[in-house]
Amino acid sequence: QVQPVESGGGLVGTGGSLRLSCSASGGTFTDFAIGWFRQVPGKDREFVAQIDSTGKITYYAEFVKGRFTVSRDNAKNTIYLQMNSLNSEDTANYYCATSILLGHTRRFDYDYWGQGTRVTVSS
């Protein structure tokens, strides 16, 4: 089974940028939509963005529109989340996950999850 692996997290100042990557271990992402979620300890995991299997259709949570961009390179079996204009509220663990459903934002509609990568935005 495919196993997502996130990378690219770290510490950045307010207004800075980071690019997260989600690569596939043990399989391929080719037939899956990929979603990005984030979670702060003590809070529910929330939807951030999703990209379809072709890379042509994307969905975003309102709070990241205009700041985050999701993309994919199927030749590299990798999905990216470019995050710009970061602020302290973006501090969280970020996860990628696979889904066969397009446009879905509930975590229960996603099947295989990575372990997450930590993003910390300092003020």
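A few notes on this one:
- Accessible area per residue for the chain, computed on protein heavy atoms with a 1.4 Å probe, is 50 Å².
- The accessible surface of the chain, taken with every protein chain in place and a 1.4 Å probe, is 47 percent carbon and sulfur.
- Computed on the Cα atoms alone, the convex hull of segment 35-101 gives a volume of 95 cubic angstrom per residue.
The values are calculated or read from the model by the stated rules, or taken from the named source; none is laboratory data. Just so you know, these numbers come straight off a predicted model, no measurement behind them. Accessible surface areas use protein heavy atoms only, side chains included; no ligands, DNA or RNA. Shrake-Rupley method; radii C 1.70, N 1.55, O 1.52, S 1.80 Å.
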